[in-house]
Amino acid sequence: MSAGAPDGRVVIGGAGGFMGHALANRARRAGREVVTVGRAGSDLTWDDPDGLARAVDGASLVLGLAGKSVDCRYTPPNRAEIIRSRVATTAAIAEAIRRAAAPPALWVNSSTATIYRHAMDRPQTEREGELGSGFSVDVARAWEAELFRDELPATRRVAMRSAIVLGSGGVLPVLRTLARAGLGGSAWDGPWPVSAARRAAGTAHDPGSRRGEQRFSWIHLGDIARIIDFLETRPDIEGPVNASSPHPVTNRRLMALVRRHERALVGPPLQRWMLELGAVALRTETELILKSRWVVPQRLLEAGYRFHHPRLDGAIGSIVAAERSGAGETDAPPSADESTEAAAA
């Protein structure tokens, strides 16, 4: 472990996902003790409050990453589980910290950049961003409310409002597969009939952009890891933090870059009706690609964090190269575009 690197025990709730798995492995490679909390295959389960309390007591860092994937149809049972899985696990961590004789110095809990409104006019920052409405925003609000609900005077808390995390898991492999199949065109919004039930549930998406111009905010998995390291060294940072590249792109630009890296020659635009039918077949929701998430990391930039993968082209190239070499994504060297930006600074 390099001099000045964070050390001490790390407790990771929700380590079964691709992000949690990568962060746990990275912490172990750095020589840190890691305790995972989740379902089968974890060190502890969520129905073991005494075990969780012992793990948290004396830990340096707690990461709350648990929650049912939102990549599903927003049926009533799925909506209930999406909220319950986030709020209940966050409450469990809070209770464990309250019981600790030596509380952790830092608790970083996942949140989401989806908490902001559909934005086509300007980027959303922690201080000047406007929160949106609907089911996805309600989930984010409930998640953060539980994180900050009670007094935990010895533990600093950060709600990490993550944009779409890019790596060998998550959304990027899906987009690459679609591109190779000739379906890697930009997503075009448009009118679509919405039932009264979906509108009442807040799961309706009203047209808000044209011809793939909705913004795509993203972040490389390696920068997620380094942001957490950075937060451990900055006791002055707490509250909501946007974890997103400083250079979001349009959906059209996103898909053009994916096609280029996959050497896909064909990628016609996908109309709203195509997307809706495809979402039903894939058991997902079109909001995930049609909502304009235009988010920038104002607090991180002001604090001096330097992104290793600030631009999308370099980030995708880094992920593809890591897959080919078998290297860890979280330990990949800075993209060439980061070196160029540093030289220009």
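Any read-out appearing in this document is the output of simple, stated calculations on the displayed coordinates, not a laboratory observation. Model, not experiment: these values are computed from the prediction. Positions of Cβ are backbone-derived with ideal geometry, glycine not excepted, and every protein chain shown enters the neighbour counts.
Using R₀ = 22 Å, calculate the FRET efficiency as 1/(1 + (r/R₀)^6) where r is the Cβ-Cβ separation of residue 105 and residue 69; round to 0.05.
After rounding to 0.05, the efficiency reads 0.15.
When the helices in the chain are scored as -39500 (n - 2.57) per DSSP H run of 4 or longer and the sum is shared across all residues, what 222 nm value do you end up with, to the nearest 500 deg cm²/dmol?
The helix-only estimate for the chain comes to -12000 deg cm²/dmol at 222 nm.
Given 278, 124, 34, which one lies farthest toward the positive end of the charge dipole of the chain, if we put +1 on the Cβ of every Lys and Arg and -1 on the Cβ of every Asp and Glu?
278
By how many nm would the segment from residue 5 to residue 131 lengthen if fully extended, with 0.36 nm per residue of separation less the alpha-carbon distance?
On the way: separation 126, 0.36 × 126 = 45.36 nm, distance 3.49 nm.
Additional length available on full extension: 41.9 nm.
Using the Cα centre as the reference, give the magnitude of the dipole from point charges on the C-beta atoms of the range 248-331 (Lys, Arg: +1; Asp, Glu: -1; all else neutral), rounded to the nearest 20 debye. Before the final figure, lay out each step's value.
On the way: 13 positive and 9 negative charges, 60 e Å.
It comes to approximately 280 debye.
Counting every Cα pair in the range 10-337, what percent are over 32 Å apart?
Pairs farther apart than 32 Å: 27 percent.
Using a simple spin-label model with points 7 Å from Cα along the Cα→Cβ vector, what separation in nm is obtained for residue 98 and residue 168?
4.1 nm
With a cut-off of 8 Å between alpha carbons and a minimum separation of six or more residues, what is the relative contact order of the range 10-337 in percent?
19 percent
Taking the Cβ-Cβ separation of residue 151 and residue 301 as r and a Förster radius of 25 Å, what is the calculated FRET efficiency to the nearest 0.05?
My answer for the efficiency is 0.25.
Once both labels are modelled 7 Å past Cα along the beta-carbon direction, what's the residue 234-residue 274 spacing in nm?
4.1 nm
DSSP loop trypsin sites (Lys or Arg not before Pro) in the range 237-334 with at most 16 other Cβ atoms within 10 Å of their Cβ, which ones? Each step should come with its number before you reach the end.
Working: sites: 252, 253, 259, 260, 263, 272, 283, 291, 293, 299, 306, 311, 324; in loops: 263, 283, 291, 293, 306, 311.
Taking the range 237-334 and a limit of 16 other Cβ atoms within 10 Å, the loop trypsin sites (Lys or Arg not before Pro) found are 263, 283, 306.
To the nearest 20 debye, what charge dipole does the chain have about its Cα centre, counting +1 at the Cβ of each Lys and Arg and -1 at the Cβ of each Asp and Glu?
Rounded to the nearest 20 debye, it is 940 debye.
Hey, can you grab everything whose amide H is under 5 Å from the amide H of residue 243? Only 5+ residues off in sequence or another chain; H modelled, so Pro and N-termini drop out.
161, 162, 163
Just to verify a number: FRET efficiency for residue 260 and residue 28, C-beta to C-beta distance, R0 = 45 Å, to 0.05?
0.80
Summing Lys, Arg as +1 and Asp, Glu as -1, what charge do residues with Cβ under 11 Å from the Cβ of residue 299 carry, residue 299 excluded?
Neighbourhood net charge equals -1.
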